[in-house]
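Before any comments, here is the structure.
None of the figures in this text is laboratory data; all of them are computed from the coordinates on show. Everything numeric in this text was worked out from a predicted model, so none of it was measured. Cβ placement follows ideal geometry from the backbone for every residue including glycine, while neighbour counts extend to all protein chains displayed.
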Amino acid sequence: MKNTLIIYDSVFGNTAKIAHAMVSALEEHREVDIRLVGEVFPEHLDGVKTLIVGSPTRQFKATGALDQFLKQIPAGTLEDVHVAAFDTRMTPEDVAKNKFLAIMVKFFGYAAEKISRQLIHLGGKEIVSPQGFLVTGMEGPLVAGELERAADWALKIINYA
Ligand SMILES: Cc1cc2nc3c(=O)[nH]c(=O)nc-3n(C[C@H](O)[C@H](O)[C@H](O)COP(=O)(O)O)c2cc1C
């Protein structure tokens, strides 16, 4: 049984690249399963001890598909599971170019914090702070160095778990 699972969604492929960079880093230490939302069901959580969940930030939150998946998980399922949440998002510089967007972001934030709250609500024990990885513009590509930062962040999770 692979007891580390990464679940992600991705529209333009940037979040997928981040998730796969995490797998490459983690699988040197343990077996890791990675699943795109839509190919994952609550049963896949059986036996999972470390769960990492990520989404592109779309209108200040996770994609509808990821949100729906998390809402399907029965309460208490993540008791005893170490959890961590991430997103991809625009750079602060790109957000600042649009004053209205900058105000909205200030109030409504990003996907990772919301995913984190959902995972904790399901009983998960958060291991590291939610993390955002940066894309250029609205569709990417990823900002240089973000794949390496994702690998380091994922390694921190298993160092605690
Ligand atoms: C419809 C739409 C809404 C978006 N909303 C936000 C947002 O609220 N905050 C943000 O930082 N980025 C936002 N973005 C940029 C996305 O975060 C970016 O497209 C995503 O990180 C790319 O990941 P992906 O390639 O895995 O889809 C939005 C992009 C689109 C197309």
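So the values come out like this:
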read-out	value
Eligible lysines near K106 by straight Cα distance, threshold 16 Å, same-chain separation 8 or greater	K61, K97, K114
Alpha-carbon centroid distance for the pair the stretch 1-70 / the stretch 93-161, whole angstrom	14 Å
Convex hull volume per residue in cubic angstrom - Cα atoms of the chain	97 Å³
Most fluctuating residue given options V11, V23, V53, as computed from a GNM of the chain linking Cα atoms under 10 Å	V11
Neighbour cut-off at most 15 other Cβ (10 Å), DSSP loop, trypsin sites (Lys or Arg not before Pro), the stretch 8-108	R30, K49, K97
Charge dipole (the chain, unit charges on Cβ, about Cα centre) - positive-most of I127, I103, F12	I103
Charge dipole magnitude, Cβ of K and R +1, D and E -1 - the chain, Cα centre, debye nearest 20	560 debye
Computed [θ] at 222 nm, deg cm²/dmol, the chain (DSSP H ≥ 4; -39,500 (n - 2.57); rounded to nearest 500)	-11500 deg cm²/dmol
Extent along principal axes [Cα atoms of the stretch 91-131; Å; largest to smallest]	38, 15, 9
Relative contact order (%) - criterion: Cα under 8 Å, at least six apart; region: the chain	28 percent
